[in-house]
1. Tally the residues that are more than 14 Å from the chain's Cα centre (by Cα) and closer than 23 Å to residue 181 by Cβ, restricting the search to region 95-129.
2. Which one is farthest from residue 170 (Cα to Cα), of the residues in region 47-69 that are in contact with a Leu (Cβ under 8 Å, 6 or more places away or on another chain) and assigned to a strand (DSSP E or B)?
3. Residues that are within 24 Å of residue 42 (Cβ to Cβ), free of Cβ contacts under 8 Å to residues at least 60 places away in the same chain and crowded, with 17+ Cβ neighbours inside 10 Å: does region 105-114 have at least one?
4. For region 125-178, what are the residues that are buried (at least 19 other Cβ atoms within 10 Å of the Cβ), part of a helix (DSSP H, G or I) and not polar (S, T, N, Q)?
5. Quick one: residue 76 ticks every box in (1) in contact (Cβ under 8 Å) with a residue 60 or more places away in the chain; (2) surrounded by fewer than 17 Cβ atoms within 10 Å (Cβ to Cβ); (3) farther than 25 Å from residue 173 by Cβ; (4) not acidic (Asp, Glu) bar one, so which box is it?
Amino acid sequence: MKLSRRHTLLGLAASMASPAFADKGAVGTPLPFAADLAQTVENGPSALALKIKDEDKQPVDIANWLGSWTLLSFWAPWCKQCRNEMPSIARMNRQLDHKRVRLLPLAFDWRGPYFVRKFLDEINVTDLPVYMGDGENLDATLGLSRLPTTAILDPEGVLRFTIAGEAIWDDEKTLTWLNSLEI
């Protein structure tokens, strides 16, 4: 039987919708573990000037996170790679030693926190808080502008590691690394 172009495209689309592609990057290559993408930042800037608002659009002081390592996960609902990695980030967050490492997911969306929460609800990630960032302030404070990117701050709020691009966050290697960061 000769396959038509339509049948070939339908078969390709069906195979790409398969869960087997869920943790794949471009052209079916496996996504890297976040720990493997970590880049050390020497003499990193302080994040204390970072502007953050909560779900009610109230200012939040990043100093509230001092005393533990902080994963600032910069993402947006309109960013395909960000959308793909949010379930893995949520699963990671459930397995973190929160006395040692805490997650602060910082969304960037001009439509506001309602749409960010709506997206998280749509993908069944209901246990993450919604915090909103300011892109110009992010670039000015930490020199970061790519999404998704995670900035890892030490207990004093200084940038020590960055992880740029889509990654798997709930793997054993990444969890072991994060949970072993010294306070």
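What follows is calculated from the coordinates using simple rules that are stated; it is not laboratory data. The model shown is predicted, which means the values in this text are computed figures rather than measured ones. Counting neighbours? That spans all protein chains shown, and the Cβs are built from the backbone with ideal geometry, glycine included.
1. Total meeting the criteria: 8.
2. Ranking the candidates gives 52 first.
3. Checked against the condition, which is being within 24 Å of residue 42 (Cβ to Cβ), free of Cβ contacts under 8 Å to residues at least 60 places away in the same chain and crowded, with 17+ Cβ neighbours inside 10 Å, region 105-114 yields at least one hit.
4. 138, 142, 175, 178 - these are the residues of region 125-178 that are buried (at least 19 other Cβ atoms within 10 Å of the Cβ), part of a helix (DSSP H, G or I) and not polar (S, T, N, Q).
5. (2)
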